[in-house]
Amino acid sequence: MATAYESSAWAQVKEGWRQLYGSFPRQGVSVENHEFCATAPVNWGRSFHRNSVELCLNLRGTGTVRDGRVEARYQPRTVGFYCNTNSDLEARRAAGETHSFITVEFSRSYLETQVESMEDALHPALRRWLTHKAGSAADVGVMSPGQEVTFQALRQPPVPVAARKLWYQAKTLELLSQVLFQPAPQEEFFCQRQKRVARERVERTTAILRSHLVEPPDIEALGAQVGCSPFYLSRLFSKEMGMTIPQYMRQIRMERAAELLLSGRHNVTEAAMEVGYSSLSHFSKAFCTTIGCCPALFPNAKALVEKFRARKSTSI
């Protein structure tokens, strides 16, 4: 539940801010979702707690964090962190832009518990903050395809509601290990690089498709966004995923529709429209093929619902 401090810090954007998990004062960790159009510059720094480290996954919009010496700039699809001490960092979100980002904030005591005996492997800026209590804007890097998938999952956790606390705990620690530690140098052979690039292209493709359920880009646009030809992407995707791009698109649309129907807040027509179907007959046929029964009967089909939830709980 949000504190008065957090709510007042984001009062300017109103419903554009939402707490997803945790409580900084009580648990030492807080995951927050931000999605708003800034008509005027937003004082982002007002939301930073004293003696905290905040990790930012920035999908859209431009933000800056300044520690008095260095300015870290968050462009679209970047990730980074900043360390706050007892003197506030300066931070702004640009006006005239749509901002879409998720922050994960850790308290000093929470971090010290999690990284105990691992301090030497931490990012230098974080190590300085823990040792000398010096604030820093730190580094900003490109968001990986896997982190983009995580970004979308943080907003819609692929697990039952009762399991979300555990799921968020695991995801925050995963992000901590990815972003707050210094990567070890290693040699990468050509074949390893080819496999990695192929995997990243497929991961980026799935992230793009998941964020554009209603109007997915065509294969030419997808190829351009992930940096390869449409023909190569189609072949690569089928090899990595075991299904074609249209088959995958139908699957994630039907899975999202199933979630909407199970929520009880959407009827069949509304669920169809939410995932990009204007024809109820086409939607029903696709739903039945993918899920196993017609959409109207699905919420009451106990066995299919349990099977669906079990499958979702094991996916990212």
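So what is the calculated 222 nm ellipticity per residue for the chain, using -39500 (n - 2.57) for each DSSP H run with n of 4 or more, over all residues, to the nearest 500 deg cm²/dmol?
Taking each H run of at least 4 residues, the total per residue is -14000 deg cm²/dmol.
So how do 302-309, 123-130 stack up, highest first, on mean other-Cβ count within 10 Å? Show your work: numbers first, answer last.
On the way: 302-309: 13.6, 123-130: 19.0.
In descending order of packing, they fall as 123-130, 302-309.
Just to check I understand the Karplus step: with θ = phi - 60° and J = 6.51 cos²θ - 1.76 cosθ + 1.60, what whole-Hz values come out for the range 75-84, glycine and proline as x?
Listing the rounded values in order: 8, x, 6, 10, 9, x, 8, 9, 10, 10 Hz.
Would you mind getting the accessible area per residue of the chain, heavy atoms of the protein chains only, 1.4 Å probe, in Å²?
Numbers: 16300 Å² over 316 residues.
That works out to 52 Å² for each residue.
Could you pull out the pairs from Lys171/Lys285; Lys165/Lys195; Lys171/Lys307; Lys171/Lys239 whose alpha carbons sit more than 26 Å apart here? Before the final figure, lay out each step's value.
Values: Lys171/Lys285 35 Å; Lys165/Lys195 34 Å; Lys171/Lys307 24 Å; Lys171/Lys239 28 Å.
In this structure, Lys171/Lys285; Lys165/Lys195; Lys171/Lys239 exceed 26 Å between Cα atoms.
With unit charges on the beta carbon (Lys/Arg positive, Asp/Glu negative), name the residue among Thr103, Val268, Asn43 whose Cα is farthest towards the positive pole of the charge dipole of the chain.
Val268
As a test of reading the structure, rank Arg69, Arg155 by solvent-accessible area (1.4 Å probe, protein chains only), most first.
Arg69, Arg155
I'd like the FRET efficiency for Thr244 and Glu306, computed as 1/(1 + (r/R0)^6) with the beta carbon distance as r and R0 of 25 Å, rounded to 0.05.
0.35
Does the range 146-220 classify as rounded, prolate or oblate by the C-alpha gyration tensor (a ≥ b ≥ c root eigenvalues; a/c under 1.5 gives rounded; else a/b over b/c gives prolate, otherwise oblate)?
Details: a/c = 2.93, a/b = 1.12, b/c = 2.62.
Oblate is the answer for the range 146-220, as a/c is 1.5 or above yet b/c matches or exceeds a/b.
Give me P(r) over the chain, computed from all C-alpha to C-alpha distances, binned every 20 Å, as integer percentages.
Taking every Cα pair in the chain, the percentages come to 28, 55, 16, 0.
Roughly to the nearest percent, how much of the accessible area of the range 130-265 is carbon and sulfur, given a 1.4 Å probe? Mind showing how you got there, number by number?
Values: 3970 of 7470 Å².
Ligands and nucleic acids excluded, carbon and sulfur reach 53 percent.
The values are calculated or read from the model by the stated rules, or taken from the named source; none is laboratory data. Fair warning: this is a prediction, and the values are worked out from it, not measured in the lab. Cβ coordinates were reconstructed from backbone atoms using ideal geometry, including for glycine residues, and neighbour counts include every protein chain displayed. To get the accessible areas, we keep the full protein, side chains included, count just its heavy atoms, and leave off ligands, DNA and RNA. Shrake-Rupley method; radii C 1.70, N 1.55, O 1.52, S 1.80 Å.
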